[in-house]
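Worksheet: the structure to be examined is printed underneath.
Read-outs: derived from the displayed coordinates by stated rules, not from any lab. Not measured: the values here are computed from a predicted model. Cβ placement follows ideal geometry from the backbone for every residue including glycine, while neighbour counts extend to all protein chains displayed.
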Amino acid sequence: MDLFVQRNRFSFHEGYSDGDPYRAFYRARRAEVSIILEGAISFVEDGRPRTVEAPALTCQTYERELEVVPAAGRRTRTMWCHFPPHRLSAADWSFLRGLPPTMPVVDSLRAMFRGAAPLLQSIDEARTDLVGVETSSDGRAMVRDALGAAIFAEYIRCASEVGDARKTLPQAVREVQSAIDERYGETWDLDRLATVAQLNPKYLIAMFRRHLDETPIAYLWRKRAESGYSMLRQTRLSVEEIAFRCGYQTVAHFSRTIKQRYGAPPRDIRAETSPGG
């Protein structure tokens, strides 16, 4: 890919919101990978809307305009890396536009974004980059561009692994997996999941056991626990709010599940990852 052969000009930025409503607009053609650490972001990408809840990785590739709206009334924190794809071939640009728009956070990309903190640029620098003018030619810029290319390469690698693993599964199992992955906080039962798959509930259980070695409901509760654990480590949401967002009816149930799975209650996990912990 030209992305990894040529040197493209990458930029890194970080955004915070304490719940005050605002909208940001970006109107230059570009590609972007973001990590949403807290809250939720609504993206409108060339007129196509979607909302992403933290923690998550996202990819935006747009021709005309990206509108970004943090969730009102909630603290939101995100970092993003972008570049103007002027030097890419049409084939490479099409490939980037075909990447999954959202993925779970992986440790490798979290570490890369953490390492990008010294490379964060000002708004003026961002505007300069968007019009295609070099902002710097020093060693800092070289490191910035190398790390930006590495972030896109790692996003592509992780997307490929997710896609390859799912391609081997029957369509009905993939559809139920996707429904759970995207909406695990909703109220689900076996009958509703079977409706998604358009299968008899007993047959759906049999297919999940054959291909994933667990039942659909076990997969649901594992997804909820993993998401809750990730939110405990990566966000400042209260334990109560995390529990309810993940689909638990009580905080006690969430706490008991987290302790059984990870060996410590939620508040201890939160203390281990806090700046003073």
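By how many nm would the segment from Phe244 to Arg267 lengthen if fully extended, with 0.36 nm per residue of separation less the alpha-carbon distance? If you can, show how the numbers build up before the last one.
Details: separation 23, 0.36 × 23 = 8.28 nm, distance 1.56 nm.
This chain segment gains 6.7 nm when fully extended.
Mind listing the phi-derived Karplus ³J(HN,Hα) values for the range 26-37, rounded to whole Hz, using 6.51, -1.76 and 1.60 with θ = phi - 60°, and x for any glycine or proline?
Whole-Hz 3J(HN,Hα) from phi for the range 26-37: 10, 10, 10, 4, 6, 10, 8, 10, 10, 10, 9, 8.
Please compute the modelled spin-label separation between Val251 and Ala218, points set 7 Å along Cα→Cβ, answer in nm with one decimal.
Result: 3.1 nm between the two label points.
Could you work out Rg/(2.2 N^0.38 Å) for the range 171-273, with Rg from alpha carbons only?
Compactness ratio reported: 1.14.
Under a point spin-label approximation (7 Å from Cα along Cα-to-Cβ), what is the Leu169-Arg140 distance to one decimal in nm?
That separation, rounded to one decimal, is 4.5 nm.
Full extension from Arg74 to Ala117: what is 0.36 nm times the residue separation minus their Cα-Cα distance, to one decimal in nm?
Details: separation 43, 0.36 × 43 = 15.48 nm, distance 2.31 nm.
Value of the extension gain: 13.2 nm.
Residue by residue through the range 101-113, what is 3J(HN,Hα) from phi via Karplus (6.51 cos²θ - 1.76 cosθ + 1.60, θ = phi - 60°)? Round to whole Hz and write x for glycine and proline.
Running phi through 6.51 cos²θ - 1.76 cosθ + 1.60 with θ = phi - 60° gives x, 9, 9, x, 5, 10, 4, 4, 6, 4, 5, 5, 5 Hz.
Among Asp138, Asp189, Asp181, which one moves the most in a GNM of the chain with springs linking Cα atoms closer than 10 Å?
Top of the fluctuation ranking is Asp138.
Per DSSP H run of at least 4 residues, take -39500 (n - 2.57); add these up for the chain, divide by its residues and hand me the 222 nm value, nearest 500 deg cm²/dmol.
Calculated at 222 nm, the ellipticity per residue is -15000 deg cm²/dmol.
Please work out whether the range 2-167 counts as rounded, prolate or oblate from its C-alpha gyration tensor, where a ≥ b ≥ c are the square roots of the eigenvalues and a/c under 1.5 means rounded, while otherwise a/b larger than b/c means prolate and anything else oblate? It would help to have the intermediate numbers written out before the result.
On the way: a/c = 1.35, a/b = 1.11, b/c = 1.21.
It is rounded, given that a/c, with a ≥ b ≥ c, falls under 1.5.
Find how much the distance from Arg210 to Glu63 grows on full extension, using 0.36 nm per residue of separation minus their present alpha carbon separation; answer in nm with one decimal.
On the way: separation 147, 0.36 × 147 = 52.92 nm, distance 4.30 nm.
Working it through step by step, the gained length comes to 48.6 nm.
What ranking do Thr257, Thr215, Thr168 get, fewest neighbouring Cβ atoms within 10 angstrom at the top? Let's see the in-between values first.
Details: Thr257 20, Thr215 16, Thr168 9.
Starting with the residue having the fewest Cβ neighbours, the order is Thr168, Thr215, Thr257.
If you take the C-alpha gyration tensor of the chain, multiply each eigenvalue by 5 and take the square root, what semi-axes do you get, largest first, in whole Å? Intermediate values should be presented prior to the final figure.
On the way: eigenvalues 241, 108, 57 Å².
Its equivalent ellipsoid spans semi-axes of 35, 23, 17 Å.
With label points built 7 Å along Cα→Cβ from the Cα atoms of Leu190 and Asp46, find their separation and express it in nm.
Output for this residue pair reads 4.4 nm.
Using amide H atoms built 1.01 Å from N in the peptide plane, name the residues 5+ places from Ala31, or on other chains, whose amide H lies under 5 Å from its own.
Under 5 Å from the amide H of Ala31: Phe83.
Any idea what the relative contact order of the chain is, in percent, if you count C-alpha pairs under 8 Å spaced at least 6 apart?
18
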